[in-house]
Amino acid sequence: MALHFEILGRFNRARAAQLTLPHFVCQTPLFMPVGTQGTIKGLTNNELERIGCQIILGNTYHLALRPTSELLEEAGGLHNFMNWPRAMLTDSGGFQMVSLLHLADITEEGVTFQSPVDGKPMLLTPEESIQIQNRIGADIIMALDDVVKTTITGPRIEEAMYRTLRWIDRCIAAHKRPHDQNLFGIVQGGLDPELRDICVKGLVDRNLPGYAIGGLAGGEDKDSFWRVVAQCTAALPEDKPRYVMGVGYPLDIVVCSALGADMYDCVYPTRTARFGTALIPEGVLKLKHRAMADDTRPIDPTCPCMVCKNYTRAYIHCLVTKDAMGSQLLSYHNLYYMMRLSRNLHTSIVEGRFPKFVCDFLQTMFPKGDVPEWVCNAMEVAGIDISSCCAPFPSCQEKYSSDEIGTNDIHMELRLTHTSYRPTRNLEI
């Protein structure tokens, strides 16, 4: 294995670790910005290093189309091609089964996509996905999995889970660079606890360098979301990194970290920046709103980033409505926020003050005590007392203990709520 994972501190399920990869030594929990085709929109590599980015994510499907994996191999890998000295992770292309479903045909052999570039068919098999990722040269590569939306029910979920297990063996056999690239398996199974258990056991039996929890953040209710994370983290090995795919809301990251996850990725911080929205401790700030036009405060007075030090809300308001620089400045700030959140999670766990960090985080985001019930339930399972910032729910009588909840009964003991949850409050300050 081309990684070393050392736990430096923990609080119940939560853990802070040092993840040593071929190109960088990382501190977890960590958030990975998404650079689909070898670039994070709006930021230079120097800026990414400056804000503390440790790993960036590229996408096998898109990189294979343009600039092509052959060109990347000729250039010495994506690290050299884009001049990025730190760690990198490439997704397998499996997510495009969902996002480009109208262009995809899934069979046991693999996935045939219609190229959005020239319309030609492209067959992505487990072997081809790994071969492309071997050429790209990322520190962490992902197995091709059969991805379905968590909102889908019925036999398709079971079919996808078992196919994912069959495909992992094909990925392992095709992997030619195990000494400098780490192949992670992906746990599938939808919202079915039995299928998730089968998939976890099957992947763990193959003794992979790390494991991802896939198939979430796709429209499922938040109560189901956290319970799948809790079930999988409880069953995955203690000495391997755990990666929750597609998660980028700050609240979700805090909750998943409390439940024992280590790594996250999402386009959310940069995508929402391009729509004129900034991440702040209280939630989000919409800079396009006309109330921002004469607001001379920084985006976040507590943030030491370059944007908050040098620019006002009013200035950025002018830019986001007319100039690309506005989204660039907001992307910088939002990614700085995510890197700072990652550092604070790591430090608070190592220093033994993680419960206080969680309470402070929640009190700032929910000053009226209206913490969503799913968060309260998740923190109870994580063994973190948030009673000081979480108003009681009269209808919630059950009490849960973190050592009583295992990999199966977590789905049975908690009352399922279907209350919709908005991950961040839209503030008009």
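Which one of the conditions (1) in a strand (DSSP E or B); (2) open to solvent by 30 Å² or more (accessible area, probe 1.4 Å); (3) of a type in the set (A, V, I, L, M, F, W, C) does L191 fail to meet, given that it meets all the rest?
Of everything listed in (1) in a strand (DSSP E or B); (2) open to solvent by 30 Å² or more (accessible area, probe 1.4 Å); (3) of a type in the set (A, V, I, L, M, F, W, C), L191 misses just condition (1).
With I157, I253 as the choices, which residue is of a type outside the set (S, T, N, Q), assigned to a helix (DSSP H, G or I) and either in contact with a strand residue (DSSP E or B) (Cβ under 9 Å, 6 or more places away or on another chain) or open to solvent by 20 Å² or more (accessible area, probe 1.4 Å) (or both)?
Going through I157, I253 in turn, the sole match is I253.
Restricting the search to the stretch 9-47, which residues are open to solvent by less than 10 Å² (accessible area, probe 1.4 Å) and either touching a Phe, Trp or Tyr at 6+ places or on another chain (Cβ under 8 Å) or not assigned by the TED database to the domain that holds R86 (or both)?
If the condition is that a residue be open to solvent by less than 10 Å² (accessible area, probe 1.4 Å) and either touching a Phe, Trp or Tyr at 6+ places or on another chain (Cβ under 8 Å) or not assigned by the TED database to the domain that holds R86 (or both), then A14, A17, L19, P29, L30, F31, M32 are the ones that fit.
What's the total number of residues in the stretch 262-320 that are in a helix (DSSP H, G or I), among the β-branched types (V, I, T) and more than 30 Å from F184 (Cβ to Cβ)?
Total meeting the criteria: 3.
I'd like the full set of residues that are closer than 18 Å to C266 by Cβ and of a type in the set (D, E), limited to the stretch 205-234.
Within the stretch 205-234, E220 is the sole residue that qualifies.
Test D239 against the criterion of being open to solvent by 10 Å² or more (accessible area, probe 1.4 Å), out of contact with any helix residue (DSSP H, G or I) (no Cβ under 9 Å at 6 or more places or on another chain) and charged (D, E, K, R), and give yes or no.
When the stated conditions are applied, D239 passes them.
Determine which member of the set S327, S331, S257 is assigned by the TED database to the domain that holds K222, among the polar types (S, T, N, Q) and in contact (Cβ under 8 Å) with a residue 12 or more places away in the chain.
Residue meeting the stated conditions: S257.
Here are some conditions: (1) open to solvent by 30 Å² or more (accessible area, probe 1.4 Å); (2) within 20 Å of A143 (Cβ to Cβ); (3) at pLDDT 95 or above. H62 meets all but one. Which one does it not meet?
(3)
The values are calculated or read from the model by the stated rules, or taken from the named source; none is laboratory data. Keep in mind that this is a model prediction, so the values were computed, not measured. Ideal geometry is used to build each Cβ from the backbone, glycine not excepted, and the neighbour counts take in all protein chains shown. With ligands, DNA and RNA removed, areas are computed over all heavy atoms of the protein, side chains included. Shrake-Rupley method; radii C 1.70, N 1.55, O 1.52, S 1.80 Å.
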